[in-house]
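Worksheet for the structure shown next.
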Amino acid sequence: MRDLRIILGDQLSLDVSALRDLDTERDTVLMMEVLEESVYVRHHKQKIVLVLSAMRHFASTLRARGVAVDYVELDAPDNTGGFSSEVERAVRRHRPERVVVTEPGEWRVQELIAGWASLTGTPVDVRADDRFFASRERFLEWARGRRGWRMEHFYREMRREHGILMEGELPTGGEWNYDAANRKRLPPKTRVPPRARFAPDAITREVMVLVERRFGGHFGGLDEFGWPVTRADALLALDDFITQGLPNFGDYQDAMRAGAPFIFHSLLAPALNLGLLSPREVCRAAEAALSAGTAPLNAVEGFVRQILGWREYVRGVYWTLMPDYADRNALQATRPLPAFYWTGDTAMRCLREVIGDTARHAYSHHIQRLMVTGNFALLAGVAPRDIERWYLAVYADAYEWVEMPNTLGMAVFADGGQMASKPYAASGAYIDRMSDFCSACAYDVKKKTGPDACPFNYLYWAFLIRQKDKLSGNPRLAMPYRNLAAWPRERAAAVLAEADAFLDAQT
Ligand code: FAD
Ligand code: DLZ
Ligand code: SF4
């Protein structure tokens with residue numbers, strides 16, 4: 001045998017570099033279901049089902065194309081439970097001339113791969129993952145020598161470089177960014193369309209049984225599982241978004257509504273991150289909707305910015321700053337994650353709704369993550385590593401390369417401003433403006449203090465008071481700090497005491 005070609009669970013693309021120049025006569029593809037990948041954090045059951053089912057479907061696609069696939073199932077009697085020991089075992093079985101693998105999505109796995117050549121006594125060809133617009137080196141080249149990194153600058157360079165939403169040298173429509181048009185509240189009468197969900201087929205149902213048996217104690221339920229697990233279904237999901245979601249995606253990108261977790265969002269991150277869709281085809285589909293006149297520019301630009309901008313940018317940040325990035329804690333936050341993050345058992349309706357939807361669907365949209373669960377963790381001073389592990393565990397789309405910078409950089413400002421120019425700290429007024437949660441909450445969003453005051457209100461001010469040394473010099477926080485400067489000392493002390501009492505009762 002010539003090559004052992006390894007395909008990891010989030011590399012399910014026929015054009016992934018590890019499959020390039022594959023010789024079906026002499027090469028074997030190795031795919032491994034291993035216990036370690038399900039438990040290094042205790043993933044939501046839907047995420048495990050999604051990955052294992054998509055892996056099994058991908059293996060049968062490869063076999064149908066005449067590729068020899070050595071597929072190690074989780075329950076296989078000799079399964080050793082880890083990538084490295086499985087690769088070692090496979091090399092003993094096949095005695096290949098070399099091992100070929102595409103660079104992984106996580107630092108942890110990259111460290112494992114670095115040990116495979118000596119572990120197996122076989123050369124290992126680690127290939128770049130060119131499914132992204134920007135290679136790791138391209139980001140480094142952009143970042144090198146810049147004092148502050150800002151996504152917007154990187155995004156504009158990517159637009160030019162890849163000719164997306166460009167008219168010659170100019171951005172389509174004359175502006176680079178239509179974000180200001182994208183912060184509308186969702187009117188109560190606006191109908192949110194039902195979205196394409198995919199009923200589990202026989203393979204997925206079999207994996208569901210396996211996951212309930214092996215990981216029954218993990219967070220979340222399987223009843224609502226509806227993620228695409230094949231490329232064909234992922235393409236249907238893309239089509240569904242372009243027709244049902246994209247036209248309103250821009251206007252209501254930040255809006256939240258109880259009982260409607262998806263609003264007009266794409267729900268495509270799980271398929272994109274597994275490799276069932278490519279970011280290029282997704283951006284092309286959005287551009288085509290603009291050309292066809294079925295979606296407006298603010299929606300198409302807003303969506304492209306998420307994929308070509310944010311998604312590529314956070315990957316660059318991750319690979320450029322790891323492994324030290326994982327330990328950042330610029331605000332020295334140490335509080336343990338409150339237990340209600342796992343149960344949803346809280347009187348704060350916004351958190352209860354978002355955590356409940358997370359358990360049901362392994363999904364929240366960006367503002368629910370950033371401004372509800374993230375904002376609370378920031379204001380409460382939850383230890384960055386605790387909240388970071390939570391995000392990695394609970395979402396179907398969670399992989400460290402994308403989750404970690406979003407959590408440490410965006411949600412809890414643990415990197416001290418590498419990713420965001422200010423912490424996304426907000427009082428209850430923001431949640432009230434962007435959602436209907438507050439109308440039926442046990443707390444009163446208009447009250448600042450007292451037993452029925454919205455906790456986000458006093459937590460917000462307590463956060464600013466506590467972090468004064470670190471944050472008061474930030475020009476984007478000048479206004480609230482000017483406001484605080486006029487507070488009598490007793491008022492600040494009372495707010496701090498109220499915040500502490502509330503937080504101590506949560507853990
Ligand atoms: P849409 O709102 O429809 O956006 C379209 C696509 O753009 C997404 O599918 C995604 O691929 C990309 N995108 C949007 N925002 C971001 C962003 N900030 N960073 C990177 N890509 C983005 N996204 C993940 O894919 N995996 C994660 O583990 C993850 N963890 C997050 C943790 C926190 C604390 C926060 C604040 C955000 C996180 N995000 C993560 C980013 C974003 O919230 C999700 O990509 C998005 O909610 C997925 O839903 P969607 O596919 O409907 O996205
Ligand atoms: C997330 C995940 C899970 C739950 N299980 C597997 C698995 O059994 N086998 C596999 O190859 N990949 C799995 N994955 C995805 C990996 O965690 C992911 O490929 C690595 O973290 C690299 O990004
Ligand atoms: Fe959340 Fe406060 Fe609104 Fe209740 S009142 S839903 S706690 S923001």
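Some notes on this structure:
- Here the Karplus relation 6.51 cos²θ - 1.76 cosθ + 1.60, evaluated at θ = phi - 60°, turns the backbone of region 442-448 into coupling constants of 5, 9, 9, 5, 7, 8, 8 Hz, with x for every Gly and Pro.
- Cα gyration tensor category, rounded, prolate or oblate, for region 398-450 with a/c compared to 1.5: prolate
- Computed log10 I(q)/I(0) for region 216-270 at 0.16, 0.25, 0.26 Å⁻¹: -0.61, -1.06, -1.09, from the Debye equation with unit scatterers placed on every C-alpha and solvent omitted.
- Its alpha carbons considered, region 349-430 gives a radius of gyration followed by a Dmax of 11.8, 33 Å.
- Over region 126-193: Kirkwood hydrodynamic radius from C-alpha pairwise inverse distances, Å: 15.1
- Candidates per GluC sites (Glu not before Pro) in region 1-88, loop by DSSP, up to 11 other Cβ within 10 Å: GLU25
- Shape analysis of region 248-357 places it in the oblate category; the axes a ≥ b ≥ c from the Cα gyration tensor give an a/c of at least 1.5, with a/b not above b/c.
- Projected over every direction and averaged, the convex hull enclosing the alpha-carbon atoms of region 309-459 yields 8.6 nm².
- Mean Cβ count within 10 Å, highest first, over the residues of peptides 298-309, 484-495, 442-453: 298-309, 442-453, 484-495
- C-alpha long axis of helix 151-162 to longest principal axis of the chain, angle in °: 40
- The calculated FRET efficiency for the pair ARG147 and ARG335, based on their C-beta separation and a Förster distance of 35 Å, comes to about 0.65.
- Under-5 Å amide H pairs with ARG5, H placed in peptide plane, nonlocal only: THR28, VAL29, LEU30, VAL100
- The radius of gyration of the Cα set in the chain, together with its Dmax, comes out at 23.5, 79 angstrom.
- A viscosity of 0.692 mPa s and a temperature of 37 °C, combined with the Kirkwood radius over C-alpha pairs in the Stokes-Einstein formula, give region 328-392 a diffusion coefficient of 275 µm²/s.
- Placed amide H near GLY250: partners under 5 Å, 5+ positions off or other chain: ALA299
- Rounded to whole Å, the principal axis extents of the Cα atoms in region 83-160 read 49, 22, 16, largest first.
- When the P(r) of region 443-507 is calculated, the portion above 18 Å amounts to 37% of the C-alpha pairs.
No value in this document is a laboratory result; all are computed from the given coordinates. In this text the structure is predicted, and so the values were computed from the model without any measurement. Here Cβ is always computed from backbone atoms with ideal geometry, including for glycine, and neighbour counts include all displayed protein chains.
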